[in-house]
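I have placed the structure first, in the form of structure tokens, so that the comments after it can refer back to it.
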Amino acid sequence: MSRLKENYLYSRVFIPEFLSFGLIIILITLILSDSFIKFFIILALIIIFFIRLIDSVGRKRKTQIRIIQKAIDDIRNNMFSSPDEIKLGKQLFELESDIKSMFLKTQNDIANLKKLEQVRTEFLGNVSHELRTPIFAIQGYLETLLEGAIDDNRVNKIFLSKAFHHTNNLNNLLHDLIDISMIESGQMRMSFRYFNMKDFIDPIVQDFALLAEEKHIGMILHEIRPKLEVFGDKTRIKQVLTNLISNAIKYTEQGKVEIMVLDEGKFCRIIVRDSGIGISEKDLGRIFERFYRVDKDRSRSVGGTGLGLAIVKHIIEAHNSRIDVKSSPGLGSEFSFLLKK
Ligand code: ADP
């Protein structure tokens, strides 16, 4: 294709403007010129001028389109590592900044997708591992029983109760997995209303009294103002307290577990404090991650799934609040959160 024809194709979009402008000039020349010869000479000059104009406009447009095409190709072929490497020149400045922000957004989207994919893979790995542990244990006990231990009165009940303990762990895990997937996929419906704190908390603490007694741990529920009403999802807050109190008992060998509700302006703070093993500074930042446990074996032996605090954090955040924790290894831990009054 000749260069002129190519430039013509690029300047085609302006043809209607060229034609109307050209026609006006021809008409004016026709009116003003006193002889046909003069008119044809001027007409020839106008045609040459317009051919040059079309050629020059087409050339400029072609250059700009090529620059844009190259930038797009380079982006597609991952030639840029940062948006600052994209250069379209002064005349295409606005487009350049649009392409740069598009590039940045795509880069961020890809990074987020990769992170999500990694989190998903890690989560699946963790779930399979967590499932495998109790299933292998149950299989092992049942196999030993089938191979004859069932008739050995010294061990048969022990093995059965151990297998039963692991089925409980499996059940806990399944429930927590259902909860966490409902929460994280946004399917957990919350139902917020006002409820009386004292009426709400009394039976929850009562439910744990026996467990604490068995471990010889004191269970103290401090006085709550009888008329105190708080705003939240009762069922989910019950789940939070159940988790925090059961953790407090699980990770305390001696001393006490205290539950307090304190007024803090328009809010009230619910505190679960224990005198248990405590959590070191380095673990404190991670205990709310899914499947993070300070001591895996200890957590499993007391029926922990490693998901409890992740669920607690989600629920409290859904109440526009935050779960706070203070702890000293060997001295105990204190978990607390605010609820609107
Ligand atoms: P788990 O089911 O293992 O208890 P959680 O998500 O409830 O999982 O807690 C995560 C980890 O945080 C626990 O494994 C334990 O190491 C630590 N933890 C939680 N609560 C306490 C507590 N009250 N005292 C000491 N450690 C705790």
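The values are calculated or read from the model by the stated rules, or taken from the named source; none is laboratory data. Not measured: the values here are computed from a predicted model. Neighbour counts run over all protein chains shown; Cβ positions are idealised from the backbone, glycine included.
Take the residues in the stretch 314-335 that are more than 9 Å from the ligand (Cβ to nearest atom), surrounded by 19 or more Cβ atoms within 10 Å (Cβ to Cβ) and not hydrophobic (A, V, I, L, M, F, W, C), then tell me which one is nearest to GLU264 (Cα to Cα). The selected residue is HIS319.
For the stretch 24-41, does any single residue satisfy the condition of being in a helix (DSSP H, G or I), among the polar types (S, T, N, Q) and within 35 Å of the chain's Cα centre (by Cα)? No: zero hits.
Can you tell me which residues in the stretch 286-341 are of a type in the set (Ser, Thr, Tyr), assigned to a loop (DSSP other than H, G, I, E, B) and in contact with an Asp or Glu (Cβ under 7 Å, 6 or more places away or on another chain)?
Selection gives THR305 alone.
Just to be sure before I move on: is PHE136 assigned to a helix (DSSP H, G or I) and under 25 Å from GLY306 (Cα atoms) in the structure I sent?
yes
Are any of the residues in the stretch 257-274 aromatic (Phe, Trp, Tyr) and within 17 Å of ILE201 (Cα to Cα)? Looking for residues that are aromatic (Phe, Trp, Tyr) and within 17 Å of ILE201 (Cα to Cα), one finds at least one in the stretch 257-274, hence yes.
Scanning the stretch 237-271 for residues that are assigned to a loop (DSSP other than H, G, I, E, B) and either within 16 Å of the ligand (Cβ to nearest atom) or touching a residue at least 24 places away in the same chain (Cβ under 8 Å) (or both) returns TYR251, THR252, GLU253, GLN254, LYS266. Every condition in (1) within 16 Å of the ligand (Cβ to nearest atom); (2) touching a Lys or Arg at 6+ places or on another chain (Cβ under 9 Å) holds for VAL205 except the one numbered (2). Condition check for LEU211 on (1) out of contact with any strand residue (DSSP E or B) (no Cβ under 6 Å at 6 or more places or on another chain); (2) within 13 Å of the ligand (Cβ to nearest atom); (3) assigned to a helix (DSSP H, G or I): one failure, at (2). The C-beta contact set for the stretch 286-297 (first residue closer than 17 Å to PRO329 by Cα, second residue at pLDDT below 90 and crowded, with 19+ Cβ neighbours inside 10 Å, distance under 6 angstrom, 6+ apart or interchain) comprises ARG293/SER299. Being of a type in the set (Phe, Trp, Tyr), in contact with an Asp or Glu (Cβ under 9 Å, 6 or more places away or on another chain) and surrounded by 13 or more Cβ atoms within 10 Å (Cβ to Cβ) is a condition met by at least one residue of the stretch 194-204. All conditions in (1) exposed (fewer than 13 other Cβ atoms within 10 Å of the Cβ); (2) part of a loop (DSSP other than H, G, I, E, B) hold for MET188, with the sole exception of (1).
In the stretch 256-313, how many are among the small types (Gly, Ala, Ser) and surrounded by fewer than 19 Cβ atoms within 10 Å (Cβ to Cβ)?
Number satisfying all stated conditions: 5.
Screening the stretch 10-37 for residues that are hydroxyl-bearing (Ser, Thr, Tyr) and surrounded by fewer than 11 Cβ atoms within 10 Å (Cβ to Cβ) and picking the one that is modelled with the highest pLDDT gives SER20.
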